[in-house]
Amino acid sequence: MALTFLEARERILREVGVRAPAFVDTVPLLEAAGRVLAEDAAADRDYPPFARSARDGYAVRAADLPGRLRIIGESKAGSSFSGPVNAGECVEIMTGAPLPAGADAVIMVEWTSRDGAFMVTERTVPPGDAFNPAGCEATRGAVVVPRGRRLGFTEIAMLAATGRARVAVFRKPKVAILSTGDEIVELGTEPGESQIRNSNSYSLAAQVARAGGDPEILPVARDNRESTWQMIEWGLRSDLLLISGGVSAGKYDIVETVLGEFGAKIFFDRVKVQPGQPLVFGTAQDRFFLGLPGNPASTMVTFEIFARAAVDLLSGRTESPLLVLQAALTNPFRHKPGLTRFLPANLSADGSTVTPVPWKGSGDLAALARSNCFLVAGPDREAWNAGELIGVLLK
């Protein structure tokens, strides 16, 4: 029985999620970008460590405004004013500078004028205005980047701010990529009339690397037991084996049979999606494998919606959200209900509209290259009018 899109995805998350990565590397901070943090990172002090001005202006006592206040000094980033601010006084202050003692607000310079040694304003500001209190962003000891978070530029900045020159991250999972079929030739070979170049292995390698895995492209497995057995045995030495092709119901689709010789436990072998209905997920010799359909669109789509989740969890992430946006169709769209379809489309630059890209089926690699996203048509609806919102999965 075929699983729905959500059922199949949940099964992968459940099975892979129980196997946390065992190996941790401690690496320089810049080498940690794109990796998954292996331990909670806590603040080494309050952030900000002092009351910090959010504007260029004057540090004041709010009760003194409006008024004419004597300017008694200056506070700038990296150099604070040491004395207190008393009644009738103010301190010129710059964005990011410490708020001096006695002041309880900052008034923007645009709301003031200067008369010699005095600041003059007709405005009022409430206490607490235009500065950030000490510790309002994070208090000392609070977790600022949690274990299991993939480190992007914002996380790297936070780790740098807390003084971490080296960080503990999970090892990248090894992902073996195996294309199958007598029709496939390598890139340096001129294909015959009935042959195609091995594009799937390269698209999958790019997708694996983008997902945080360490891809290894294996030699093509030919349509016979000996070659397929040898390559699967090689691939099962990795944390995850991705097999492209050979999982459908054709005469030469022998992948499932050979996997059985390795004691494979198959959780499902069909999903109600298009492209990509024949999809095999299981374990063999304590390693996970995914058998993906061989057509390019099927391979790419099933990686993004299924295999990426496995790579995420094997990388140490605690979750693997699938972000489906909503955009308005520029043209009417129809499909046959029953399957969740992921079809090539182009999302506008502002993300507000989406236009389906004409294609000739899951082997149409040129249409995929002309698109920048996948339109997501749910299984319970047949038609959408122009202007209606529909799901969009970014490439």
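The values are calculated or read from the model by the stated rules, or taken from the named source; none is laboratory data. Because the structure is predicted, anything quoted here is derived from the model rather than measured. Neighbour counts are summed over all protein chains in view; Cβ atoms, including those assigned to glycine, are modelled from backbone coordinates with ideal geometry.
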Under the condition of being surrounded by fewer than 15 Cβ atoms within 10 Å (Cβ to Cβ) and of a type in the set (A, V, I, L, M), which residue from the stretch 102-122 is nearest to the chain's Cα centre (by Cα)? Val120
Being in contact (Cβ under 8 Å) with a residue 12 or more places away in the chain, of a type in the set (Gly, Ala, Ser) and part of a helix (DSSP H, G or I) narrows Ala134, Ala160 down to just Ala160
Being surrounded by fewer than 22 Cβ atoms within 10 Å (Cβ to Cβ), assigned to a helix (DSSP H, G or I) and without any contact (Cβ under 8 Å) to a residue 40 or more places away in the chain is the requirement here; does Ala369 meet it? yes
Test Glu39 against the stated conditions and say whether it is in a loop (DSSP other than H, G, I, E, B), of a type in the set (Asp, Glu) and closer than 30 Å to Leu151 by Cα. yes
Of (1) surrounded by fewer than 17 Cβ atoms within 10 Å (Cβ to Cβ); (2) at pLDDT below 95, Ala221 satisfies every one except (1)
Here is a list of conditions, (1) farther than 26 Å from Cys136 by Cα; (2) touching a residue at least 40 places away in the same chain (Cβ under 8 Å), and Ile72 meets all of them except one; can you say which number that is? (2)
Taking the stretch 1-46 as the region of interest, how many residues are farther than 21 Å from Arg210 by Cα, surrounded by fewer than 18 Cβ atoms within 10 Å (Cβ to Cβ) and within 20 Å of the chain's Cα centre (by Cα)? 5
Taking the stated definitions as given, is Val301 farther than 22 Å from Ala367 by Cα, crowded, with 23+ Cβ neighbours inside 10 Å and of a type in the set (A, V, I, L, M)? no
Could you identify the single residue in Pro321, Pro332, Pro337 that is within 24 Å of Val36 (Cβ to Cβ) and either free of Cβ contacts under 8 Å to residues at least 12 places away in the same chain or surrounded by fewer than 20 Cβ atoms within 10 Å (Cβ to Cβ) (or both)? Pro321
